[in-house]
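For reference, the structure is listed below as structure tokens.
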Amino acid sequence: MQLESLPDGYRALVIGASGGIGSAIADAIAGDSRCGSLTRLSRRVDGLDVTDENSVAAAAAALEGEWHLIFCATGALTIDGRGPEKSIRQITAEAMMAQFALNAVGTALLIKHFSPRLSRRERSLMAFLSARVGSIGDNRLGGWMSYRASKAALNQIVRTASVEIGRTHSQSVIAALHPGTVATSLTEAYAGGHERMAPEQSAHALLSVLDGLQPDQSGCFFAYDGSVIEW
């Protein structure tokens, strides 16, 4: 696919590029003839730990120049063997803090250190993987409290950051994106027999949605099909 809204020869960065969705996003961008350069960062390959500010700051400092696309595909549903809670009785402070450290605080640290790298003179895009279960208005089933809450926090962080970034980057868009139920290790134990999209299908859909967003839509929460998800 081609990202038509970005300048020819655009520079792209994918954070979390070793994961199922992140690697598919990076591969899709690599196949775009309009992309001038692509950099992949991940914990597995580069040792980038988004819960450690020193690690995030060092990774950002190692980059040179301005970037037109920064796609952050970090996050987890199961951390240290602890999956989502089925009941309030299963909540533990340690598991909840781990979810917030990765999904929410990690997002804030990435924005803090990487958003200054976005191009100010040309259109720039920054995206973060959220999840529909992070929607407060759409919550009909309950459960998964720590994961839901950490993704709701991610959405608020993205929304708040978009206001500030928009003041200095008039052509920027920062967005929270729901990738759908994707066939990755994250969803394998929780799909419940439901159909899952291939990572490549989700990646192309997400990049297509991001490519079509305008600055006045910055800070919003979108699904892979382009629909707006309520907060």
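The values are calculated or read from the model by the stated rules, or taken from the named source; none is laboratory data. None of these values were measured; they are calculated from a predicted model. When we count neighbours, we look across all protein chains shown, and the Cβ atoms used for this are built from the backbone with ideal geometry, even at glycine. With ligands, DNA and RNA removed, areas are computed over all heavy atoms of the protein, side chains included. Shrake-Rupley method; radii C 1.70, N 1.55, O 1.52, S 1.80 Å.
Would you call THR168 without any contact (Cβ under 8 Å) to a residue 40 or more places away in the chain, under 28 Å from THR51 (Cβ atoms), of a type in the set (Ser, Thr, Tyr) and open to solvent by 20 Å² or more (accessible area, probe 1.4 Å)? Show your work before the answer.
Values: without any contact (Cβ under 8 Å) to a residue 40 or more places away in the chain: no; under 28 Å from THR51 (Cβ atoms): yes; of a type in the set (Ser, Thr, Tyr): yes; open to solvent by 20 Å² or more (accessible area, probe 1.4 Å): yes.
When the stated conditions are applied, THR168 does not pass them.
The condition of being out of contact with any helix residue (DSSP H, G or I) (no Cβ under 9 Å at 6 or more places or on another chain), among the charged types (D, E, K, R) and either surrounded by fewer than 23 Cβ atoms within 10 Å (Cβ to Cβ) or at pLDDT 95 or above (or both) holds for only one of ARG44, ARG40, that being ARG44. Every test in (1) free of Cβ contacts under 8 Å to residues at least 24 places away in the same chain; (2) assigned to a strand (DSSP E or B) is passed by VAL173 save one, and that test is (1). In the range 1-14, the residue that is surrounded by the fewest Cβ atoms within 10 Å (Cβ to Cβ) out of those that are in contact with a helix residue (DSSP H, G or I) (Cβ under 7 Å, 6 or more places away or on another chain) and modelled with pLDDT of 95 or more is GLU4.
Go through LEU77, LEU48 for me and flag whichever is free of Cβ contacts under 8 Å to residues at least 40 places away in the same chain and either in a loop (DSSP other than H, G, I, E, B) or within 17 Å of the chain's Cα centre (by Cα) (or both). Step through it out loud before you land on a result.
Numbers: LEU77 fails: free of Cβ contacts under 8 Å to residues at least 40 places away in the same chain.
Criteria check complete, one pass: LEU48.
Within the range 87-141, restricting attention to residues that are in contact with a Ser or Thr (Cβ under 7 Å, 6 or more places away or on another chain) and polar (S, T, N, Q), the residue that is surrounded by the most Cβ atoms within 10 Å (Cβ to Cβ) is ASN103.
Among the residues of the range 15-23, are any part of a helix (DSSP H, G or I) and open to solvent by less than 30 Å² (accessible area, probe 1.4 Å)? There is at least one residue in the range 15-23 that is part of a helix (DSSP H, G or I) and open to solvent by less than 30 Å² (accessible area, probe 1.4 Å).
Here is a list: ALA24, ALA95, ALA61. Which entry is touching a His at 6+ places or on another chain (Cβ under 9 Å) and under 30 Å from MET145 (Cα atoms)?
Numbers: ALA95 fails: touching a His at 6+ places or on another chain (Cβ under 9 Å); ALA61 fails: under 30 Å from MET145 (Cα atoms).
After applying the criteria, what remains is ALA24.
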